[in-house]
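Take a look at the structure below.
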Amino acid sequence: MASPGFRPTHVVPRHGMPAWESPDPARPTVPLDPLLPVQLVERRGDWGRILCANGWSAWVDGRYLVAVPEDPPTEHEPLATTADPRPLLARAERALARYRAAVEDLAAGGLDGESFRDRTQGARIGVVVDGGSVWLYDAEGGQWAYSDGARLSTYAADEAPRATEDPGHAPTRVVTPDGET
């Protein structure tokens with residue numbers, strides 16, 4: 001039974017995903033079903049705490065959650081700069097131009113194979129355009145992003161979630177009324 005007022009912000013990726021009791025890889029819980037609607041309620045680095053329609057909560061790698069589209073912005077609303085796909089498109093264009101220049105130099109005989117490999121070492125570019133949809137690889141962030149042309153959201157990430165930082169204090173202890181721990 002769905003909790004009153006539950007409004008999903010994301011869905012689980014189509015292959016499902018692992019979940020944890022806390023933002024700690026050593027504390028797994030049951031995996032989440034594919035395309036399960038969830039509400040992202042908290043972020044800690046790569047970790048995201050989600051709430052399911054039945055009230056169950058868990059921690060997941062928040063980078064893999066698929067955002068539920070919101071209503072498109074009205075003509076008077078500017079695009080949010082964090083969701084604007086243009087900066088990532090510009091970085092992809094520059095990286096592709098550098099790679100193409102290296103290919104041209106190799107083809108013209110200005111580079112040998114080793115020099116070409118040296119010049120292109122570390123280059124990572126990924127762009128898939130399908131009509132109004134685009135998937136872009138963000139080499140700086142180590143993740144794939146999806147855009148419908150207006151908004152950009154993380155689609156998949158290269159790494160597993162990182163452990164959260166030490167909160168700076170000892171864990172809370174349970175103390176009984178007689179003072180024993």
From the list E21, E42, which residue is of a type in the set (D, E), open to solvent by 40 Å² or more (accessible area, probe 1.4 Å) and within 22 Å of R151 (Cα to Cα)? E42
With modelled with pLDDT of 85 or more and within 22 Å of the chain's Cα centre (by Cα) as the only criterion, which of A101, A92 stands out? A92
All-but-one check, G5 against (1) in contact with a His (Cβ under 9 Å, 6 or more places away or on another chain); (2) at pLDDT below 90, failing number (1)
The condition from (1) exposed (fewer than 15 other Cβ atoms within 10 Å of the Cβ); (2) modelled with pLDDT under 85 that R86 misses is numbered (2)
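The values are calculated or read from the model by the stated rules, or taken from the named source; none is laboratory data. Not measured: the values here are computed from a predicted model. Here the Cβ is made from the backbone with ideal geometry for all residues, glycine too, and neighbour counts use every protein chain on show. Please note that ligands, DNA and RNA were not included when accessible areas were found on the heavy atoms of the full protein model with its side chains. Shrake-Rupley method; radii C 1.70, N 1.55, O 1.52, S 1.80 Å.
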